[in-house]
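Asker: Supplied in structure tokens, the structure appears directly below.
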Amino acid sequence: MTVTIPSSAVYFDVEGIPEREFYYLIGFRRSIGDRDTHRYFWADTPADEHNMWVSCLSALAAIETPRLIHYGSYETLFLKRMKARYCHTDRESAFVDELISTSINLLSLTYAQINFPTYSNSLKDIARYIGFQWSDSNASGRSSLLWRANWEASVSSDLKQRLVTYNAEDCEAVQKLADTVASVCAEQCSISPKSVSINISGLERDYRRRFGKLRYALPDFKPINEAAYWDYQRSKVYVRSNKRMKSARSLRSGSNPTISVQISKKVVTTENRPDFCLKCNSKLIYKNGHFSRVIYDLRLSATGIKRWVTKLFFISYTCWNCKSRYNELPRQDRYGKGLRSYILYQIIELGMSHLAVGRSLDTLFNLQISRSALARIKTASAKLYEETYQSILNRIVRGNLVHVDETMVKLGSGTGYVWAFTNMMDVAYVFSETREASTPRNVLGDFNGILVTDFYAAYESIECQQQKCLIHLMRDINEDVLKNAFNEEMEELAHSFAGILRPMIETIDRYGLKARFLRKHEKAVELFYSALAKHDYQTEVGISYKKRFERNRGKLFTFLRHDGVPWNNNNAEHAIKSFAELRGGIGPNATPKSIQEHLVLMSLCETCKYRRVGFLSFLRSGELDIDAFMVRP
């Protein structure tokens, strides 16, 4: 990119009051030989705006081929409005058109091409970085509005001079920035070794240091690094020189073994010998021996939790023909229902990691359960409740209303996406490896109700009635209004949108989501779109929002015509937020299989929340159907 400052450059800045569409101060700065000059034009009242403009236009016409240089689109909008208001001859209009077409907007020139190390792209931040300072440290566009209001109340010459000085310094800042941009571009073109600017596209990203595996340049580095591990030093190094640590290690190594816990109850089963083998029908069944199994459990009551350990004695039998065994207890049955429920409650609802759950069980109940055992419990439980999960998902899809949202999740290798499908009573999470539209399409199938979503383009391919989230739209408008503080088009659009939306919200607060009360607002929507079609937006952000409103016209106000349809997607956002808060329980080395198992249990947990049912109580009940659990006495 090359930038050359023309000899006829005029550094231009305008002050105005946006809500009144009134401009009261024009200033420009130009270089004549070795001397910089500044001129300003002032309007006491809106009636004086015309004379101010004529004087400014005459001063610019006296300059040979003036090239206006400004920062931002505010000055361009000013010129267009002045032309529409006061240019009544072809000659004047042509001159203003020439000023607009040849003007240089430094913001559009530098944006995304030159990155100054500042917190924002505002003129104040960048100019201060390159060494320019305003005489008033509080100088800003908002401050100027306050100074002008105070001047109108007092007609103080000091306040007028403060505004004129502020405007002159803005022009000077634009000049300094233009010189800096031209210098940076010249340095990049000449490839000078003394250049102070850097082409950031060639810089290597600087990542913060993270815990994890290291890549070793030399094999000898690996044992050196491993010798510095905390656990290694505590157990192998420090104990050799510290007697206290050695005694503490010996005490810990023999403490709290799970096998030493006290037996709460002994049970002897009296299972009879099977008459025949269920696999091969052989009647040759012989006794394999007497065995015992310790079952660890927790008993939960209204006042606390108690460890309960049962020792079960049983006789095992084996088929002589096919060697099938009978009366054997599966390995996972060594943990009772109460303990399994408590573990799932901590992992799923509380979002605790497997390591943290294992530590709490060891500390509170003297039960040492490995992380792999906890993972097996979660896997077995997900398989047990798979039908429950499918029934929840089927209920959502068969309904008349579905909310959808998605978020990214990190895998052990790469990333994936979690989709939340909800209605008012159920939540179902679905994992996919990509963010493509095929996932919601496959899940929803022949869904013909109303789909509530954000503005992600993938949802457009789903053929059903849709309601776009108006909260998303309002937040986007709000953010762009703040970014474009002097963009009157955006302020007008924001006021118009809020003007039709707020009465709708008041009706909903009073009557609920009932179409017979909401249909009256359809007329206001038609008037809004009629005014939108007639408005000729000039700024890029205004044009983009006009297209956005027109493109989604049939999807923004669907809730006005249907009972029970919300105007936002907060229902699905809440479900996604719940997953985001609890994703720590998934672990850093997650696989698609382990995440889907986690999502099956999370779907049950969130559905219980939506129905105001305790997730832990449901797990302890042994019931597989949430509806059946809710009707239990």
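Asker: List, please: which pairs have Cβ atoms under 6 Å, are six or more places apart or on different chains, and start with a residue in the stretch 140-153 that is of a type outside the set (Phe, Trp, Tyr) and end with one that is outside any helix (DSSP H, G or I) and at pLDDT 90 or above?
Answerer: The qualifying pairs are Ser144/Glu15.
Asker: Looking only at residues that are assigned to a helix (DSSP H, G or I) and of a type in the set (Lys, Arg) in the stretch 468-490, which one is farthest from Glu19 (Cα to Cα)?
Answerer: My answer is Arg475.
Asker: Right, next: So Ser316 clears everything in (1) within 21 Å of Lys306 (Cα to Cα); (2) surrounded by fewer than 19 Cβ atoms within 10 Å (Cβ to Cβ) except one condition, right? Which one?
Answerer: (1)
Matching residues to (1) among the hydrophobic types (A, V, I, L, M, F, W, C); (2) touching a Lys or Arg at 6+ places or on another chain (Cβ under 8 Å); (3) within 16 Å of Glu597 (Cβ to Cβ):
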position: Arg334; (1), (2), (3): no, yes, no
position: Ser360; (1), (2), (3): no, no, no
position: Phe365; (1), (2), (3): yes, yes, no
position: Tyr385; (1), (2), (3): no, no, yes
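Asker: Quick one: Arg148 ticks every box in (1) out of contact with any Lys or Arg (no Cβ under 8 Å at 6 or more places or on another chain); (2) outside any helix (DSSP H, G or I) bar one, so which box is it?
Answerer: Going through the list (1) out of contact with any Lys or Arg (no Cβ under 8 Å at 6 or more places or on another chain); (2) outside any helix (DSSP H, G or I), Arg148 breaks only (2).
Asker: Pick from Glu75, Glu92: which is within 20 Å of Cys171 (Cβ to Cβ) and either in contact (Cβ under 8 Å) with a residue 24 or more places away in the chain or not assigned by TED's automatic domain parsing to the domain that holds Ala186 (or both)?
Answerer: Glu75
Asker: Can you pull out the residues in the stretch 510-557 that are over 18 Å from Gly499 (Cβ atoms) and either of a type in the set (Asp, Glu) or touching a Cys at 6+ places or on another chain (Cβ under 9 Å) (or both)?
Answerer: Asp536, Glu540, Glu550
Asker: Next question. Go through the residues of the stretch 108-115 one by one and say whether even a single one is within 21 Å of Phe28 (Cβ to Cβ), modelled with pLDDT under 90 and either among the β-branched types (Val, Ile, Thr) or not assigned by TED's automatic domain parsing to the domain that holds Ile26 (or both).
Answerer: Yes - at least one qualifying residue is present in the stretch 108-115.
Asker: If only one of Arg632, Arg612 is among the basic types (Lys, Arg), outside the structural domain of Val418 (by TED's automatic domain parsing) and either in contact (Cβ under 8 Å) with a residue 60 or more places away in the chain or in a loop (DSSP other than H, G, I, E, B) (or both), which one is it?
Answerer: From the options Arg632, Arg612, the qualifying one is Arg632.
Asker: A further question follows. Give me the pairs: first residue in the stretch 373-392 and under 15 Å from Glu623 (Cα atoms), second residue surrounded by fewer than 17 Cβ atoms within 10 Å (Cβ to Cβ), beta-carbon distance under 6 Å, and six or more apart or on different chains, which are they?
Answerer: Filtered contacts from the stretch 373-392: Thr388/Leu624.
Asker: Is there any pair with a first residue in the stretch 551-565 that is touching a residue at least 12 places away in the same chain (Cβ under 8 Å) and a second that is part of a helix (DSSP H, G or I) and of a type in the set (Gly, Ala, Ser) whose Cβ atoms are under 7 Å apart and which are 6 or more apart or on different chains, and what are they?
Answerer: Leu560/Ala515; Arg561/Ala515; His562/Ala515; Asp563/Ala515
Asker: Another question, then. Which one of Lys323, Lys306, Lys266, Lys311 is part of a strand (DSSP E or B), without any contact (Cβ under 8 Å) to a residue 12 or more places away in the chain and under 58 Å from the mean Cα position of the chain (by Cα)?
Answerer: Residue meeting the stated conditions: Lys306.
Asker: Further, regarding this structure: Scan the stretch 43-64 and give yes if some residue there is closer than 17 Å to Ala178 by Cα, at pLDDT 90 or above, β-branched (Val, Ile, Thr) and over 43 Å from the mean Cα position of the chain (by Cα), otherwise no.
Answerer: For the stretch 43-64, residues closer than 17 Å to Ala178 by Cα, at pLDDT 90 or above, β-branched (Val, Ile, Thr) and over 43 Å from the mean Cα position of the chain (by Cα): absent.
Asker: Out of (1) crowded, with 17+ Cβ neighbours inside 10 Å; (2) outside any strand (DSSP E or B); (3) touching a His at 6+ places or on another chain (Cβ under 7 Å), the odd one out for Ala375 is which?
Answerer: Just one mismatch for Ala375, condition (1).
Quick grid of which residues meet (1) surrounded by 13 or more Cβ atoms within 10 Å (Cβ to Cβ); (2) among the polar types (S, T, N, Q); (3) in a helix (DSSP H, G or I):
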position: Gln466; (1), (2), (3): yes, yes, no
position: Glu492; (1), (2), (3): yes, no, yes
position: Asp509; (1), (2), (3): no, no, yes
position: Lys520; (1), (2), (3): no, no, yes
position: Lys523; (1), (2), (3): no, no, yes
position: Glu526; (1), (2), (3): no, no, yes
position: Tyr537; (1), (2), (3): yes, no, no
position: Gly554; (1), (2), (3): no, no, yes
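Asker: Only one of Arg299, Arg331 is at pLDDT below 85, surrounded by fewer than 16 Cβ atoms within 10 Å (Cβ to Cβ) and outside the structural domain of Val613 (by TED's automatic domain parsing). Can you tell me which?
Answerer: Arg331
Asker: When Asp625 is evaluated against the numbered criteria (1) under 24 Å from Ile377 (Cβ atoms); (2) under 22 Å from the mean Cα position of the chain (by Cα); (3) of a type in the set (D, E, K, R), which criterion, by number, is the only one it fails?
Answerer: In the conditions (1) under 24 Å from Ile377 (Cβ atoms); (2) under 22 Å from the mean Cα position of the chain (by Cα); (3) of a type in the set (D, E, K, R), Asp625 misses (2) alone.
Asker: Asn448 fails exactly one of the following numbered conditions: (1) over 28 Å from the mean Cα position of the chain (by Cα); (2) surrounded by 15 or more Cβ atoms within 10 Å (Cβ to Cβ). What is the number of that condition?
Answerer: (2)
Asker: Taking Asp509 as the residue in question, decide whether it is free of Cβ contacts under 8 Å to residues at least 24 places away in the same chain and either touching a helix residue (DSSP H, G or I) at 6+ places or on another chain (Cβ under 6 Å) or under 30 Å from Ala437 (Cβ atoms) (or both).
Answerer: So Asp509 does not fit the description; no.
Asker: Same structure again: If you scan the stretch 151-202, which residues turn out to be assigned to a loop (DSSP other than H, G, I, E, B), at pLDDT 85 or above and of a type outside the set (S, T, N, Q)?
Answerer: Val155
Asker: Can you work out which of the residues in the stretch 107-145 that are assigned to a helix (DSSP H, G or I) and touching a Ser or Thr at 6+ places or on another chain (Cβ under 7 Å) is farthest from Tyr74 (Cα to Cα)?
Answerer: Per the stated criteria, the residue is Tyr129.
Asker: Being more than 30 Å from Tyr511 (Cβ to Cβ) and not in a loop (DSSP other than H, G, I, E, B): is that true of Leu604 here?
Answerer: So Leu604 passes the test.
Asker: Just to verify a result, which residue in the stretch 386-432, among those that are among the acidic types (Asp, Glu) and within 19 Å of the chain's Cα centre (by Cα), is surrounded by the fewest Cβ atoms within 10 Å (Cβ to Cβ)?
Answerer: Residue satisfying both the conditions and the ranking: Glu406.
Asker: Hey, Ser413 hits all of (1) in a loop (DSSP other than H, G, I, E, B); (2) in contact (Cβ under 8 Å) with a residue 12 or more places away in the chain but one; which does it fall short on?
Answerer: Unmet for Ser413, out of (1) in a loop (DSSP other than H, G, I, E, B); (2) in contact (Cβ under 8 Å) with a residue 12 or more places away in the chain: (2).
Asker: Then there is this: Select, from Thr539, Thr507, the only residue that is assigned by TED's automatic domain parsing to the domain that holds Asp476, of a type in the set (Val, Ile, Thr) and at pLDDT 90 or above.
Answerer: Of the residues listed, the single one that is assigned by TED's automatic domain parsing to the domain that holds Asp476, of a type in the set (Val, Ile, Thr) and at pLDDT 90 or above is Thr507.
The values are calculated or read from the model by the stated rules, or taken from the named source; none is laboratory data. The structure presented is a predicted model; accordingly, all values stated were derived computationally and were not measured. Because the Cβ atoms are built from the backbone with ideal geometry, glycine has one as well, and the counts that use them run over all protein chains shown.
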